[in-house]
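Values in this text are rule-based calculations from the coordinates and carry no lab data. Computed from a predicted structure; not experimentally measured. Every residue, glycine as well, gets a Cβ built from its backbone with ideal geometry; the counts of neighbours run over all protein chains shown.
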Amino acid sequence: MAFNILIVDDSRITRDMIAKTIKMAGVPVGEMFRAENGVEALEVMEHNWVDLALVDLNMPVMDGVSLIERMSADEDLRAVPVVVVSTEGSQTKIERLRQKGVKAFVHKPFAPEEIRDVMRGILGDWDGPG
Amino acid sequence: MDRDKLAEALFDTACSVLEEGAYVLVDPPGEEIQASSGPAIAARVEFHGHFAGALLMEVPEELALEMAQNMLNEPDDSEGAARDAVKELLNMVCGSLLPAIAGTEPEFAIGAPEEVGRGEVDAAALDADAVGAELSIDGRGVRLALLTKEVGT
């Protein structure tokens, strides 16, 4: 089974790092979508099925919190698991995001295995290098 | 937090983030830093919340390119990648520094890092409220300046 993954971050280098990490983890990827902000992410999800979204918080145009709120209010999008990948350090804010349905939180800078392990926890094990 | 502790937090956080995020090794304190007049990339990020301020970082361009390549694990000698790497690493330093200073309960809003002219770190460091730090990576200096307003002691 191949997964459609959406990476939402305004930093190209971070999008590329996450994509590379996912590839190295052996995740069977169908489509890898990338978006620079929440608006672009919503456009991607309007036209494509996404199995997992990795979302930054601090982004221009539409930030990650607004994107997460829009997704949780949408009948179809609320089913898409969201992992926040962010520099956010406030446990208060992180807990609030968990209550909005965020599945996991990865703090930047992250070790590649953190992304891998979080994805395994959400998507289930796949036949890849561990 | 007093200025010495702020400076220590800034130095320690920057070391940790650059080592973990850019896969570089920071030289032990006391190592000589080469004077650099070559090109450098500098960026600034502003934050507000529990307290407000700005964090600036300047990285020699050659080092920034290496960091970008490390982060991408592939050769990419584009200036764009180096600039993006500096801004994103600054973002990470800021995100790790604020809870180190204020604890993990207070909330902050961190703006989008922006590239600024070389020399702005120097200018910021002259501010009476500024705290500075300089790291050495293979003898090349990475300089940071933290400007804050009303940090509790």
Per the helix-only calculation at 222 nm, which mean residue ellipticity applies to the protein assembly as shown, given -39500 (n - 2.57) for every DSSP H run of n ≥ 4 and division by its residues, nearest 500 deg cm²/dmol? -13000 deg cm²/dmol
For region A:34-114, report the translational diffusion coefficient in µm²/s to the nearest whole number, using Stokes-Einstein at 4 °C, 1.567 mPa s, and a Kirkwood Rh over Cα pairs. 101
Counting C-alpha atoms alone, how compact is chain B: give Rg to one decimal and Dmax as a whole number, in angstrom. 14.6, 45
Volume per residue (Å³) of the convex hull spanned by the alpha carbons of the protein assembly as shown is 127
Between B:P28, B:P60, B:P113, find the one with the highest GNM mean-square fluctuation for chain B; connect C-alpha pairs within less than 10 Å. B:P28
First measure r as the distance between the Cβ atoms of A:W126 and B:H48, then evaluate 1/(1 + (r/R0)^6) with R0 = 41 Å and state the FRET efficiency to the nearest 0.05. 0.45
³J(HN,Hα), Karplus 6.51/-1.76/1.60, whole Hz, each residue of region A:102-119, x for Gly, Pro: 4, 7, 7, 9, 10, 8, 7, x, 10, 7, x, 5, 5, 4, 4, 5, 5, 5
Among B:G141, B:G117, B:G53, residue whose mean-square fluctuation peaks in a GNM of chain B (springs only between Cα atoms under 10 Å): B:G117
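Restricting to chain B, what percent of DSSP beta bridges are antiparallel, rounded to 5?
Here the antiparallel bridges make up roughly 95 percent for chain B.
Quick one: which of B:K5/B:K87; A:K20/B:K87; A:K108/B:K149; A:K103/B:K5; A:K23/A:K108; A:K100/B:K149 span more than 27 angstrom between C-alpha atoms?
From B:K5/B:K87; A:K20/B:K87; A:K108/B:K149; A:K103/B:K5; A:K23/A:K108; A:K100/B:K149, over 27 Å: A:K103/B:K5; A:K100/B:K149.
Which value, in debye to the nearest 20, describes the size of the charge dipole of region A:9-104 about its Cα centre when Lys and Arg Cβ atoms bear +1, Asp and Glu Cβ atoms bear -1, and nothing else is charged?
420
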